[in-house]
Structure formats: C-alpha cells, structure tokens
Amino acid sequence: MPLDEYHRKRIAAGTPEPMPKEPAARDGLTHEGQFVVHGHDARRMHFDLRLEMNGALLSFACPKGATLDPEVKHLAVRTEEHPLEYVDFEDTIPAGNYGAGPMIVWDRGAVRWLEMPAEQQIERGKLDFVLYGRKLRGRFSLIPLKDPPHYLLLKKKDAFAVPSAPPLDPRSIFCGLHVAELPELRERWQTLRARAAGSAAVAPRERKAALLPRALGLPKGSDEAALAWDIVPQGAFRALCTRRGNTVQIESDAGELVTDYYPDLAAAIAHGVAQDFAVELLLWRPREPELLEQPAPCQALAVDLLALADLDFRGVALEARRALLDEMFPGPGIVRSMPPFRAPLERLLEGVAADPTLLHGLLGRSTASPTAVFVAPPGAAPLLAPVHGEAPPASLRAPASVRRAPAPPKRTVSLTNRTKPFFPGLSKGDLLDYYANVAEHLLPHLRGRPVILERFPDGVDGKHFYQWRPPPGSPSWLHSVEIPEHRKNHVREPGKQPKRAFVLDDLESLLYVANLGCIPLHLLGFRAAAPASCTFATVDFDVKQANLDMARPLVRALRTLLERVSLPAYLKTSGRTGLHVLIPLGDGIPFPAAQALCELLGRWLAASYPKRATREERIDKRGERVYVDTGQTGPIRAIAAPYSVRPVHDARVSMPLPWDQLETLDPADFTVRTVPRLLAVHGDAWASFQGQSPDLARAIEHLQQEVVPLSARGS
Ligand code: MN
C-alpha cells in the first residue's frame, strides 16, 4: 500500500501530521493534480517536493530546493509517499518524532503530467511535468540517476525559466514566516492581540463585520487627496474573509459563500498568524492563458481590517488598520498586505490604463469616509455578466442595485480549466465569457427547446463527440428530454437508453454545458412540450462550392417571395461560410407541413435561378452553384442556434442580422471576440422571432400557385 511506510515512520499521537487511512485503491491514471513544496528544518534544512499521483503525494527531498534557473540541476531523493492531505500541512513536528522540526508550505499549486500519466512516467524513469504554483512555474523534469532513489531536478527552458535566477523567497506562502520563525506563531498572535487592544478609537466587536459600501466613481466634493488606493487586478472581486479558530469563511461582496472554490486560500488563512479576525480581501486568479490547463492559483490582497479578536476596527485610523494587516500577513503569501498608494488619482489611473489585461481599476478608502470608492479608466471593460463558480460575480463592476437583486435559488456551476486553449488565441474561459455575455439574447431562442450537445473537451482541434445523456455528476436541475425515435418500425435494443437532448432555460444550464466543452449548440425544431410540432423551417444556403456573392441575390429573392405570401423570414449567418433563412411557424404546425413548405421554396429557387442555385445532392454535379439545402427541417434535424459558436479556428458565431445587411455582410466579422459588443450596441436582430404565428396553410396555397407552374416548366 502506498502509505504503509508513511504510517510506519510516525506515531499518530506524537505528531500533528495528517494520519488518514489508505486512499481507496484506484487503478486510475493521474494526468493532473496538486503539488506542494515544503520547507522543512529537520536535522538539516531541506525542501520536500510532493506531486499528486494516484491519490497520494509522490515525495522527493531536495537539499537545495528548486529554482527557475534552467542551468542549475539539484539533487532530489525519492522518499515515502505522503497522504494527499499533506498539501495543507504546515506546523512544527515535535521533538522525538520522525522529521521533528518546523515545516512550512513554501509553494503550492497544480501539477500537470506531460505526455503520459504519472504512473507510466514512474515506470519509464524520467518524470516530466508542469508546475503552476506561486513560485514554481512552467516545465520541470526529474531525471533518475544510476543510484535508484536519486534524481536530478531541473527547470526546462520555457517562458518561465529565469537564467541566473536569484533564490526564490524562502518564506511560507501560508503564514508568511521563515521556517525558523514558525515555532513563534502562537506568541506572535498574543503580541498582535495586545498591540491591537492598544489602538486608539477601537470599539468592542458587537455588530457583525461587513464590507464598506462601495461608491462607483468619486462622489462630488470628496477629498481625493485623503484617499489611499489599492490597485484592483482584472477579475478581482471584494470578499469578506473571517477566521475564528480553525474556521475560515470567505464571502463575495455579492453575498455568495465562495470558501470552497479557494481551498488553498482557506488553508493558508487557517494557518496564518492571526486566529480571530474579519478582513476585506481583493481576490482573483491571475490570467496566464498560455500556461496550463489548470485554473490559475488564486491570489489575495488584504486591503482592510474590520475586526480583530473581540475588537471592532471600523472607527480606527486607516494607517493603523493597514499596519496591523502587515503583521497579520507578513510575507509574500497567498494573502499579502501591501501599502496603499497615495498619489494623484489621475496618475494612478494612467498606470492602470497602461496595463489593461492585468489591471482593472482602483479602490480607494479614507479614515474619514465609511465608503470604498471604485474608479476605473475611461473605456474600461464593460459590465460582465455574473459567472458562478470559479469566478464569482465580478461585482466591482456591477452597480449596487444589480448586485442586491433578490437571489434566485442557489445553483452553482464550477467553471474549470478556464485557461485551457480552445481556439487559436482564445481560451476556454473566453468561450465561457462569451456565452455568459450573450445569454440575455441567446436564452429566449433556447428556452423550452431541446439542444443537442457536441463536446470539444480539448478545444476546437481536439476530439469531439455528441453527448446523448447527462454526464455522471450532472446537477439535478440540468433538464433533458428524450429525443423521439422517428425511424420506421424502430425497436430499441433491450437495455439501451434512449438518446436525450438538453433544455437550456437559464444561464446556469448554459454555462454548465459550455463548461463541458460544448462549442456549438444544435437546436432542434420543436418545443420539449410538443415534439410533433415544428416551430420553424430552415432554408440553408451552402456556398462551399460557390461564394457568398452568388448566394446574396437568391436570399434576397427568397425573402421577397416570402413577403409576397405573408411569411416572416429571418436571416443569420450559418457561422461557417453560408447563410440561413429561418421561417418561424408558431405552434401547432406538424413537421410534414413545414417540410412541404421547404420543398416548395427549394423548387422555386432552383427553377427560377438555374445558373445560381442547385438542389443537386452530389457535390461534383453542383458546379459553382449555391446548394439550396431544404432538408434541415425535420423532427430530428438540428441547426446551429442563433449566437451559437461554431467549432472553427476563428471562433465564428452564427449571427442573426437585420435584412439590410444582406448585401454587405461578411460571416468572418462575427466571432466570439466581436459579437458581445455588437449585441450590446444593436440588440438582438431576431427579437421578434419568437412572437410570430403566420397563417401557413394560406401561404402554402399562394406558393403553390406561383411555384408549381414554374417548376413544372423547369423540369
Ligand atoms: Mn522532509
């Protein structure tokens, strides 16, 4: 068993180290997981590198630690495997025990094994992996030496390598102390309490601590010079962090409890100097899209002290509050304390505007005012839709009235692997943000209608597959419906589950499936409540053999014809190269009637424009004509939903457009990058689509008069 040796070396009663049972036997393969580097001052000072493999931590003692210098090789000696719980271990192992001495968490984060899982790498000998920690980043290798437990640890050359790198900061990223200072942790807390009690204007802690209310922009007449500023990184939000003993709680300023999303942050705070407090944090995950498939490890800045032990600090001078924060969070840890900026606002804003991918704005506060002021450079990022899970509401950007809207029942979607590349130059996070940003206009076209999911878990160039059933672990609120079987005389195999499609009625469901790696959304033509009724007909203009200029007059002619017979028509790009015209039918139209309509329209187009349009199914017989595909309407036929992203390199979107853009539109203009802004400015060109309910029977009667003679002549 992997932990036999670990348990054999330790006596549970003598050491604070975790003593879990053996992890459940797994034959899984480990592609990614957690890592920790401990600084351990035992008989002699050394570092322990521990990498998650098969439910435990593969461990190496490194006398000289690790470096980002690619020219330096350090010895690493494989030691016994440690339990996974050890990633959060920071304490002093008492004298007389194995490994006696203080042990700090020197670095912690995610590991991804390269090329093959950890178990196979161990068999091969050489270990290749990527670390995404607070200190160690990028690719590393452990090369086995002839003498079995001995390896060489080296940093591979990549964007994170630093030739001739100076030594990395030796302190703990949990408590911020040097390893030799760790045994004084409790004394420091006593000293800190005593100092806090001596602060001027401190009050007994009676009311519940709460964040200062936030003003957007400088209120008129406020004294800019009195404010001290903190720089707000991109994606950061304000959070109220409380610790009482070993219990840590982190609440976003939108009122969402987010502790579980940041387990390493919570562990760091639980191991810090101060044991009882309420502080305001700015909390974020730095964006480094080029690096890892893991979510970035979080960082936090302690910006205000609200309470310490049984004292309320809200009436205390800002300088004194910040000075105490420096002692609570002394080092360059996961939580840091940095002095606020006191400089002209204009100059600070220039600095923020100069680095817009990393910095978002400024948060100011003063001793005099019970308000925190948020200011961003002109033209800074627009309001982002709230995203649940990994990135709680970016509430710094939201007006207070929006933030405090009555909360819907809590549905949490954990958004994972946001930095994973999904399209050239775009990450999975960009796809998630896209769907969150267009949800307001997209959801009305999806509500109540089944969608077939096609997943691209590794992005547009990876494998893809259809998801016919809710994947294991799906939340109970993810709604799906059986797809009716339309093959004649179909008898389902015994025990075989029917295929299902998904109904995405709300933002959470949409983000849940986007997080599964669903790039396109394939929309079926019926409502879940009425599977026999077709709610829209589709005419698809496929220009693969032709070009868009061949298609434009055909689309224009179709629209004119439909107007003549009083049928509404809506235009969108297919999201690849062609165009779609959709005819909303309202409720109660059987599929055969909708198919008859499409057939008539296709025949009319081909007969009227024989040099431009063809219905020829054999590609080699189409020539350079536009293929008018009227077969996309049917009980199990699906088309790209409006605003659906397509799995193509430039991340194009199937874009609904007003008719006046038909002559000039270029499908390449509508992508994940451009559509949210266009929608914000112009709104949904299809806003009236769902309300239509034309008289189809009468329209078909009219069409037959026009079309039948014409196609009879043509054939
Ligand atoms: Mn050790």
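The values are calculated or read from the model by the stated rules, or taken from the named source; none is laboratory data. Note that this is a predicted model, so its numbers are computed, not measured. Here the Cβ positions follow ideal geometry from the backbone for every residue, glycine too, while neighbour counts run over all protein chains shown.
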### Query
What's the number of the condition Glu32 fails, among (1) touching a residue at least 24 places away in the same chain (Cβ under 8 Å); (2) within 16 Å of the ligand (Cβ to nearest atom)?
(2)
### Query
Does Asp107 count as of a type in the set (Asp, Glu) and assigned to a strand (DSSP E or B)?
yes
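Could you check how many residues of the range 499-558 are in a strand (DSSP E or B) and of a type in the set (Val, Ile, Thr)?
Let us first name the residues in the range 499-558 that are in a strand (DSSP E or B), namely 500-503, 518-524, 527, 530, 533, 536-542.
If we keep only those that are of a type in the set (Val, Ile, Thr) as well, we get 503, 519, 538-539.
Qualifying residue count for the region: 4.
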### Message
So, in the range 565-581, how many residues would count as being in contact with a strand residue (DSSP E or B) (Cβ under 8 Å, 6 or more places away or on another chain), more than 10 Å from Pro667 (Cβ to Cβ) and assigned to a loop (DSSP other than H, G, I, E, B)?
### Response
3
### Message
Which count do you get for residues in the range 187-203 that are free of Cβ contacts under 8 Å to residues at least 24 places away in the same chain and either surrounded by 13 or more Cβ atoms within 10 Å (Cβ to Cβ) or among the polar types (S, T, N, Q) (or both)?
### Response
2
### Message
I want to confirm something. Restricting to the range 336-384 and keeping residues that are touching a Leu at 6+ places or on another chain (Cβ under 7 Å) and part of a loop (DSSP other than H, G, I, E, B), which single residue is modelled with the highest pLDDT?
### Response
Ser337
### Message
Can you confirm whether Ala266 is more than 14 Å from Ala302 (Cβ to Cβ), in contact (Cβ under 8 Å) with a residue 12 or more places away in the chain and surrounded by fewer than 20 Cβ atoms within 10 Å (Cβ to Cβ)?
### Response
no
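Regarding the range 247-270, can at least one residue be identified that is of a type outside the set (Lys, Arg), part of a loop (DSSP other than H, G, I, E, B) and over 26 Å from the mean Cα position of the chain (by Cα)?
no
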### Task
Would you mind stating whether Arg112 is at pLDDT below 90 and among the basic types (Lys, Arg)?
yes
### Task
Scan the range 204-228 residue by residue and report those that are surrounded by 15 or more Cβ atoms within 10 Å (Cβ to Cβ) and within 15 Å of Leu305 (Cα to Cα).
Arg205, Ala209, Leu211, Leu212, Ala228
### Message
Here is a check on your reading of the model: is Ala66 at pLDDT 95 or above, in contact with a strand residue (DSSP E or B) (Cβ under 9 Å, 6 or more places away or on another chain) and within 12 Å of the ligand (Cβ to nearest atom)?
### Response
no
### Task
Among the numbered conditions (1) assigned to a strand (DSSP E or B); (2) at pLDDT below 95, tell me where His486 comes up short.
(1)
#### Entry: Subset of the range 439-478 (residues that are without any contact (Cβ under 8 Å) to a residue 40 or more places away in the chain and aliphatic (A, V, I, L, M))
Leu478
### Task
Within the range 114-140, track down each residue that is of a type in the set (Phe, Trp, Tyr) and crowded, with 23+ Cβ neighbours inside 10 Å.
Tyr132, Phe140
### Message
Regarding the range 188-206, can at least one residue be identified that is in a helix (DSSP H, G or I) and within 38 Å of the chain's Cα centre (by Cα)?
### Response
yes
### Query
What number of residues within the range 551-584 satisfy the criterion of being over 20 Å from Ala699 (Cα atoms), out of contact with any helix residue (DSSP H, G or I) (no Cβ under 8 Å at 6 or more places or on another chain) and surrounded by fewer than 22 Cβ atoms within 10 Å (Cβ to Cβ)?
2
### Message
So, in the range 70-92, how many residues would count as being assigned to a strand (DSSP E or B) and either within 11 Å of the ligand (Cβ to nearest atom) or not aliphatic (A, V, I, L, M) (or both)?
### Response
11
### Task
Answer with yes or no whether Ala95 is surrounded by fewer than 21 Cβ atoms within 10 Å (Cβ to Cβ) and assigned to a helix (DSSP H, G or I).
no
#### Entry: Matching entry among Glu184, Glu81 (being surrounded by fewer than 20 Cβ atoms within 10 Å (Cβ to Cβ) and either modelled with pLDDT of 90 or more or polar (S, T, N, Q) (or both))
Glu184
### Task
Assess whether Leu58 counts as being away from the ligand (no atom under 16 Å from the Cβ) and crowded, with 18+ Cβ neighbours inside 10 Å.
no
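Yes or no, residue by residue, for (1) more than 32 Å from the chain's Cα centre (by Cα); (2) more than 30 Å from Gly462 (Cβ to Cβ); (3) not in a helix (DSSP H, G or I):
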| site | (1), (2), (3) |
| --- | --- |
| Tyr643 | no, no, yes |
| His649 | no, no, yes |
| Asp660 | yes, yes, no |
| Arg677 | no, no, no |
| Ala687 | no, yes, yes |
| Ser693 | yes, yes, yes |
| Val707 | yes, yes, no |
### Task
Determine if the range 154-169 includes at least one residue that is within 16 Å of the ligand (Cβ to nearest atom) and touching a Leu at 6+ places or on another chain (Cβ under 9 Å).
no
#### Entry: Among residues of the range 93-120, those that are more than 17 Å from Gln34 (Cβ to Cβ) and away from the ligand (no atom under 13 Å from the Cβ), counted
6
### Task
State which residue is farthest from Cys62 (Cα to Cα) when the search covers only the range 141-167 and only residues that are under 30 Å from the mean Cα position of the chain (by Cα) and surrounded by 12 or more Cβ atoms within 10 Å (Cβ to Cβ).
Asp158
### Task
Any chance you could count how many residues in the range 325-377 are within 23 Å of Arg134 (Cβ to Cβ), polar (S, T, N, Q) and in contact with a helix residue (DSSP H, G or I) (Cβ under 6 Å, 6 or more places away or on another chain)?
1
#### Entry: Criterion (farther than 28 Å from Gln120 by Cα and within 11 Å of the ligand (Cβ to nearest atom)) met by exactly one of Arg10, Arg44
Arg44
